[in-house]
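The values are calculated or read from the model by the stated rules, or taken from the named source; none is laboratory data. Everything numeric here is computed off the predicted structure, so don't read it as measured data. As a convention, Cβ positions derive from the backbone with ideal geometry for all residues, glycine included, and neighbour counts pool all protein chains shown.
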Amino acid sequence: MSEKTDRGVLEIEDLFVFYPVSTGLWKQKTNYLKAVDGVSLYIRSGETLGLVGESGCGKSSLAMASIRLIEPAYGRIFFEGKDLMKMSRRKLRGIRKWLQVVFQNPYDSLNPRMKVSQILGEGMRVHGIVKTKDEERKKVLGLLELVGMESSYLEHYPHELSGGERQRVCIARALSLQPHLIVADEPLSALDVSIQAQIANLLKDLQEKLSVSYLFISHDLKMVKFLSHIIAVMYLGKIVEIAEAEALFLQPMHPYTRALMEAIPQPDPFAPPPWLRFSAHGELPSPLNPPSGCRFRTRCNFAWEKCFNEEPELIEIKPKHKVACHLVTT
């Protein structure tokens, strides 16, 4: 395939991520855990792709592999038309500043020995964005203002900040290199509910101002709907449904997506009884030994013979709406 020339920021084609499993006294590799199993995604400039699914389904592995923070086993990754999988580590380092990450836990992702001014200035110095101390200070002050913090925070250490303030510093650090794509790996889950809303609004405002793209990972479907243009639902290493945010919430089609929707608390006295809902029973199967056929069949109330024998393909059943389910596509 030739290099891409359209306005796609990130395109992933048939991405696989395997983790070796070692057992025995000598820690011999006996198996591989397929965390990501043939996933393809596409993120446009200035848009957010929300990725949802249960813990252990491979969301973070997919996110980190998509920017080669961990190495995929197979697949192709295009960033603004450039094939990342063909790049050496040295060449990849040159475009790292355009690919930034906001991690889940702001308490662990900041150096406790560095002040806020040092945390925000370090990346700009390393990549040669600033040449002088005065220029660095001016840009750091601008970053703090951008994320809603005052200049008095410059001399603070991370332990002197609240969880929300730390996450704002993490976002400012990601923005310091003027990235084109930010991978936000559950950036709200470690925060209080009221602070989550503030950070979500901040991310949305920053996207409107800077036209930055997000790969946004979260368990909170309401936050995903609020921030995302496209939503992909992931189950046991595979994408089972992907659609525009509004369309997915108006008409979810995969039983797993419906189960996730049903899990959202609804204070509605007229809600249907539990036995009429698309609930997912049981636990997530082990990715070391996924079920045959449809991977969701062991927890699906609507599984039939074809689900046991054939793995469903991700098929477009409506414009911009793809589903991997025999119940829907047959």
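Selection of segment 124-150 for residues being buried (at least 18 other Cβ atoms within 10 Å of the Cβ) and either among the basic types (K, R) or out of contact with any Gly (no Cβ under 8 Å at 6 or more places or on another chain) (or both) yields M124, L143, L144, L146, V147, M149.
For beta carbons closer than 6 Å, sequence separation of 6+ or different chains, a first residue in segment 307-326 that is farther than 22 Å from I231 by Cβ and a second that is hydrophobic (A, V, I, L, M, F, W, C) and surrounded by 13 or more Cβ atoms within 10 Å (Cβ to Cβ), the qualifying pairs are C307/C294. Residues in segment 16-46 that are surrounded by 15 or more Cβ atoms within 10 Å (Cβ to Cβ) and not in a strand (DSSP E or B): S45, G46. Restricted to segment 95-138, and to residues that are of a type in the set (G, A, S) and assigned to a loop (DSSP other than H, G, I, E, B), which residue is farthest from P187 (Cα to Cα)? Of everything passing the filter in segment 95-138, G128 is farthest from P187 (Cα to Cα). Selection of segment 71-92 for residues being out of contact with any Phe, Trp or Tyr (no Cβ under 8 Å at 6 or more places or on another chain) and either hydroxyl-bearing (S, T, Y) or more than 11 Å from E11 (Cα to Cα) (or both) yields E71, M85, K86, M87, S88, R89, R90, K91, L92.
Within segment 167-195, the set of residues being surrounded by fewer than 20 Cβ atoms within 10 Å (Cβ to Cβ) and assigned to a helix (DSSP H, G or I) comprises V193, S194, I195.
Consider V169 carefully, then state whether it is at pLDDT 95 or above and either over 14 Å from W98 (Cα atoms) or of a type outside the set (K, R) (or both). Considered against the rule, which asks whether it is at pLDDT 95 or above and either over 14 Å from W98 (Cα atoms) or of a type outside the set (K, R) (or both), V169 comes out as yes.
Kindly establish whether G58 is within 21 Å of P179 (Cβ to Cβ) and modelled with pLDDT of 90 or more. The answer is no for G58.
Against the list (1) in contact with a strand residue (DSSP E or B) (Cβ under 9 Å, 6 or more places away or on another chain); (2) at pLDDT below 95; (3) basic (K, R), the condition R76 fails is (2).
Inspection of segment 298-312 identifies no residue that is out of contact with any Pro (no Cβ under 9 Å at 6 or more places or on another chain), modelled with pLDDT under 90 and outside any loop (DSSP other than H, G, I, E, B).
Scanning segment 279-298 for residues that are basic (K, R) and either without any contact (Cβ under 8 Å) to a residue 40 or more places away in the chain or over 18 Å from K34 (Cβ atoms) (or both) returns a single hit, R297. Each residue in segment 206-259 was checked for being surrounded by fewer than 23 Cβ atoms within 10 Å (Cβ to Cβ), part of a helix (DSSP H, G or I) and out of contact with any Lys or Arg (no Cβ under 9 Å at 6 or more places or on another chain), and 10 of them qualify. Flag not set for V116, criterion: over 27 Å from the mean Cα position of the chain (by Cα) and β-branched (V, I, T). For first residues located in segment 208-230 and within 16 Å of E246 (Cβ to Cβ), partners that are assigned to a helix (DSSP H, G or I) and of a type in the set (D, E, K, R) and lie 6+ apart or on another chain with Cβ distances below 9 Å form the pairs K225/E246; F226/K204; L227/K204.
Filtered by the rule that a residue be surrounded by 16 or more Cβ atoms within 10 Å (Cβ to Cβ) and without any contact (Cβ under 8 Å) to a residue 24 or more places away in the chain, segment 97-117 gives no residues. Among the residues making up segment 289-314, those that are exposed (fewer than 14 other Cβ atoms within 10 Å of the Cβ) and either of a type in the set (S, T, N, Q) or touching a strand residue (DSSP E or B) at 6+ places or on another chain (Cβ under 7 Å) (or both) are N289, S292, N301, N309.
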